[in-house]
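Participant: Take a look at this one; I'll ask things after.
The values are calculated or read from the model by the stated rules, or taken from the named source; none is laboratory data. Bear in mind the structure is a predicted one, so any value in this text is a computation, not a measurement. In this analysis, Cβ positions are derived from the backbone assuming ideal geometry, glycine residues included, and neighbour counts consider all displayed protein chains. Just so you know, the surface numbers come from the protein's heavy atoms only, side chains and all, with ligands and any DNA or RNA stripped out. Shrake-Rupley method; radii C 1.70, N 1.55, O 1.52, S 1.80 Å.
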Amino acid sequence: MGGAPHRPARIHVISRCTGPVMTSQIIPVEPFDYIVFGGTGDLAERKLIPALYHRSSDGQIVGASRIIGAARGEMSDDDFRDFARKALEAHIKPEELKPELLDDFLGRLHYVSVDAKSERGWETLRQLLGDEPRVRAFYLAVGPSIFGDIAARLGEHGMIREDSRLVIEKPIGNDLASAHALNVAIGKHFREEQVFRIDHYLGKETVQNLMALRFANALYEPLWKSSHIDHVQITVAESLGLEGRAGYYDKSGAIRDMVQNHILQLLCLVAMEPPASMDADSVRDEKLKVLRALRRIDASNVAEMTVRGQYSAGASNGGAVRGYLEELESGSSDTETFVAIKAEVENWRWAGVPFYLRTGKRLAQRVSEIVIQFKPVPHNVFNADAGRPIANRLVLRLQPDEAVSQMIMIKDPGPGGMRLREVALDMSFAEHFHVRSPDAYERLLLDVVRGNQTLFMRRDEVEAAWQWVDPIISAWHETGQRCKKYTAGTWGPSAAIALIERDGRTWHEEESID
Ligand code: NAP
């Protein structure tokens, strides 16, 4: 069939207050010290400093709270403030930079030169921290190879107290053994309740909205199972290539970089049982059960359940782009820049419901989304003129813009008899409530200070995720399953399309929810 792809109308759900007007509340947090190791790096510049500025300018960071950058480079406090000012000018909207708010924020910044690999600077840091009884959050925005060194030096220099926390970023290990070793190294100095393993996807509004939709409405939960859901798709697609991360990426590949953490975390939130409460361990216990229920993929089924891909030269973002090997400046590498997996959660709720996962670089579009595809109605009561009912679909988009859409069938409004039409109920409420959608880091950074671990990964979750991923990687080697080439700017190798079409289904990219 030719013609333009079917694009359903978009209906905004207008909110009507049924009780007292609720506005989101900004509750200041008790004064704290945030020590950002790697405070001059890319993550600090693009994400951490802007996020802390936003929280400060909203009045949430008050009193004597300090933000202390720490790295090897020699810098004065003023140099670090200059660095932060430039980071803010580059990464937040000019209208959000108000002089008095900026001065207040910059006044909280300090800098200490420390080297994780030597004694340099640790005593200076200890003296700067002093003995004030306030929360200390140590954020390790540095490579994972020095996580253990920093934890050990903080311990040796007596800087870890009851109210201290440690924040670490992915990659947490390269496989189960290295993740375990890292957790052990950190665990020598910090109790598990003090360790915050950040996955910024969990801080996104849409991801939290998924929990609100599921557990604050009686509507969805009865349908949230194999009798009503046909399948689930989770896509994390990037249009960019290596962007200077070749050294790291070629040793990692798409499954370690994206599936082991972000995609499995999203899968857990879709598939988990309702927790008894939103407290950290109740939620994390349920997520862990999902990880443990994932059907093992090994040499016996890896060819059927997974597709690996690597991009070759093509077109992206309106211009010609090089292939992976050219970017890498290497004639050979079998690292996957794309992976698609048919995952199955082997429990009562999800028996027979595939979770199709895919992620890749240099794909046709930058988009991250979760699609819950409901089953069609059991019997069509409408005649041929009305058109066929299309099965309902809930689409949660995380990137580039956050949005939630419920696709439903309605009667096409107006005279002319019964005609069915698919519409998108737009449940993206930030606009209606006139609030800025915060960056995920904003919420997570202050959850650390509050000691709320609900949106952070527990040690056993990270290790269970590797326990599922490791056999897939081993099976690729064992069976010699090599990457299939795909042209940059497309949706990956044709085998990924076959993976889902074999089951009589299609990937969700052909329609936009905008
Ligand atoms: P980066 O730009 O290379 O910055 C590294 C920082 O660490 C610099 O401030 C560096 O400053 C400092 N550093 C390096 N060696 C040190 C040592 N021995 N002692 C003390 N400080 C040291 O790296 P990044 O991109 O910000 O990434 C940091 C971590 O976050 C990595 O683990 C990365 O995988 C993870 N991450 C990054 C992003 C991102 O968007 N960038 C996203 C997710 C996860 P000096 O050289 O002056 O010491």
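Participant: Return the residues of the range 23-41 that are near the ligand (Cβ under 8 Å from one of its atoms), assigned to a loop (DSSP other than H, G, I, E, B) and at negative phi; say none if nothing qualifies.
Facilitator: Within the range 23-41, the subset near the ligand (Cβ under 8 Å from one of its atoms) is 37-41.
Add one more test, that the residue is assigned to a loop (DSSP other than H, G, I, E, B), and what stays is 38-41.
Within the range 23-41, GLY39, THR40, GLY41 meet the criteria.
Participant: Here's something else I'd like to know. What's the number of the only condition in (1) within 22 Å of TYR111 (Cβ to Cβ); (2) open to solvent by 60 Å² or more (accessible area, probe 1.4 Å); (3) at pLDDT 95 or above that HIS180 fails to meet?
Facilitator: Only one criterion is unmet by HIS180, namely (1).
Participant: Assess whether LEU269 counts as being without any contact (Cβ under 8 Å) to a residue 24 or more places away in the chain and among the aliphatic types (A, V, I, L, M). Before the answer, list the steps.
Facilitator: Details: without any contact (Cβ under 8 Å) to a residue 24 or more places away in the chain: no; among the aliphatic types (A, V, I, L, M): yes.
Considered against the rule, which asks whether it is without any contact (Cβ under 8 Å) to a residue 24 or more places away in the chain and among the aliphatic types (A, V, I, L, M), LEU269 comes out as no.
Participant: Follow-up question, since we're still on this one. For the range 90-100, give me the residue count where each residue is of a type in the set (A, V, I, L, M, F, W, C), part of a loop (DSSP other than H, G, I, E, B) and open to solvent by 30 Å² or more (accessible area, probe 1.4 Å). Full working, then the answer.
Facilitator: The first filter runs over the range 90-100 and keeps only residues of a type in the set (A, V, I, L, M, F, W, C), leaving 90, 92, 97.
Keeping just the survivors that are part of a loop (DSSP other than H, G, I, E, B) gives 92, 97.
Then keep just the ones that are open to solvent by 30 Å² or more (accessible area, probe 1.4 Å); that gives 97.
Matching residues across the range 90-100 total 1.
Participant: So MET159 clears everything in (1) modelled with pLDDT under 95; (2) part of a loop (DSSP other than H, G, I, E, B); (3) within 16 Å of the ligand (Cβ to nearest atom) except one condition, right? Which one?
Facilitator: Condition not satisfied by MET159: (1).
Participant: Is there a residue being within 27 Å of ILE297 (Cα to Cα) and either open to solvent by less than 20 Å² (accessible area, probe 1.4 Å) or modelled with pLDDT of 95 or more (or both) anywhere in the range 166-173? Quick ask: steps written out before the conclusion?
Facilitator: Pass one, the range 166-173, residues within 27 Å of ILE297 (Cα to Cα): 169-173.
So of that shortlist, the ones also either open to solvent by less than 20 Å² (accessible area, probe 1.4 Å) or modelled with pLDDT of 95 or more (or both) come out as 172-173.
Yes, there is a match, as at least one residue in the range 166-173 is within 27 Å of ILE297 (Cα to Cα) and either open to solvent by less than 20 Å² (accessible area, probe 1.4 Å) or modelled with pLDDT of 95 or more (or both).
Participant: For the condition surrounded by fewer than 17 Cβ atoms within 10 Å (Cβ to Cβ) and not aliphatic (A, V, I, L, M), what is the one hit in ARG292, ARG256?
Facilitator: Working: ARG256 fails: surrounded by fewer than 17 Cβ atoms within 10 Å (Cβ to Cβ).
Exactly one of ARG292, ARG256 is surrounded by fewer than 17 Cβ atoms within 10 Å (Cβ to Cβ) and not aliphatic (A, V, I, L, M), namely ARG292.
Participant: Right, something else. Any idea which of (1) away from the ligand (no atom under 16 Å from the Cβ); (2) at pLDDT 95 or above is the one GLU96 doesn't satisfy?
Facilitator: For GLU96, the exception is condition (2).
Participant: Another one. Which of (1) open to solvent by 40 Å² or more (accessible area, probe 1.4 Å); (2) in a strand (DSSP E or B) is the odd one out, the single condition GLY309 does not satisfy?
Facilitator: Failing condition for GLY309: (1).
Participant: While we're on this one: If GLN373 meets every condition in (1) in a loop (DSSP other than H, G, I, E, B); (2) open to solvent by less than 70 Å² (accessible area, probe 1.4 Å) apart from one, which number is that one?
Facilitator: (1)
Participant: Looking only at residues that are more than 9 Å from the ligand (Cβ to nearest atom) and open to solvent by 40 Å² or more (accessible area, probe 1.4 Å) in the range 121-144, which one is nearest to GLU30 (Cα to Cα)? So that I can check it myself, show each step before the final result.
Facilitator: Step one: of the range 121-144, the residues more than 9 Å from the ligand (Cβ to nearest atom) are 122-139.
This time we only want the ones that are open to solvent by 40 Å² or more (accessible area, probe 1.4 Å), so: 123-124, 126-128, 131-133.
Values: GLU123: 26, THR124: 24, ARG126: 21, GLN127: 21, LEU128: 19, ASP131: 16, GLU132: 12, PRO133: 11 Å.
This residue is PRO133.
Participant: Condition first: surrounded by fewer than 20 Cβ atoms within 10 Å (Cβ to Cβ) and either in the same structural domain as ILE61 (by TED's automatic domain parsing) or in a helix (DSSP H, G or I) (or both). Now tell me which residues in the range 474-498 satisfy that.
Facilitator: SER474, HIS477, GLU478, THR479, SER494, ALA495, ILE497, ALA498
Participant: Just the residues that are outside any strand (DSSP E or B), of a type outside the set (Ser, Thr, Tyr) and open to solvent by less than 50 Å² (accessible area, probe 1.4 Å), please, taken from the range 418-431.
Facilitator: Our first condition is that a residue be outside any strand (DSSP E or B); within the range 418-431, this holds for 418-419, 427-431.
Cutting the leftovers down to of a type outside the set (Ser, Thr, Tyr) gives us 418-419, 427, 429-431.
If the condition is that a residue be outside any strand (DSSP E or B), of a type outside the set (Ser, Thr, Tyr) and open to solvent by less than 50 Å² (accessible area, probe 1.4 Å), then MET427, ALA430 are the ones that fit.
Participant: Name the residues in the range 63-89 that are within 15 Å of the ligand (Cβ to nearest atom), under 13 Å from PRO50 (Cα atoms) and open to solvent by 70 Å² or more (accessible area, probe 1.4 Å), would you?
Facilitator: Correct list: LYS86 only.
Participant: Something else: Which residue out of ALA44, ALA151, ALA51 is open to solvent by less than 20 Å² (accessible area, probe 1.4 Å), hydrophobic (A, V, I, L, M, F, W, C), within 14 Å of the ligand (Cβ to nearest atom) and in contact with a Pro (Cβ under 9 Å, 6 or more places away or on another chain)?
Facilitator: On the way: ALA44 fails: in contact with a Pro (Cβ under 9 Å, 6 or more places away or on another chain); ALA151 fails: in contact with a Pro (Cβ under 9 Å, 6 or more places away or on another chain).
One residue alone meets the criteria, ALA51.
Participant: For the structure I just gave you, tell me whether ASP104 is assigned by TED's automatic domain parsing to the domain that holds ASP58, more than 16 Å from the ligand (Cβ to nearest atom), in a helix (DSSP H, G or I) and open to solvent by 20 Å² or more (accessible area, probe 1.4 Å).
Facilitator: Here the answer is yes, as ASP104 does meet what is asked.
Participant: Out of the residues in the range 432-462 that are surrounded by 19 or more Cβ atoms within 10 Å (Cβ to Cβ) and acidic (Asp, Glu), which is nearest to the chain's Cα centre (by Cα)?
Facilitator: ASP439
Participant: Just to be sure before I move on: is GLU402 open to solvent by 50 Å² or more (accessible area, probe 1.4 Å) and closer than 29 Å to LYS289 by Cβ in the structure I sent?
Facilitator: Numbers: open to solvent by 50 Å² or more (accessible area, probe 1.4 Å): yes; closer than 29 Å to LYS289 by Cβ: yes.
Answer is yes for this residue.
Participant: If you scan the range 267-306, which residues turn out to be outside any loop (DSSP other than H, G, I, E, B) and acidic (Asp, Glu)?
Facilitator: Taking the range 267-306 and keeping what is outside any loop (DSSP other than H, G, I, E, B), we get 267-271, 280-294, 302-306.
Passing the criteria: ASP281, ASP285, GLU286, GLU304.
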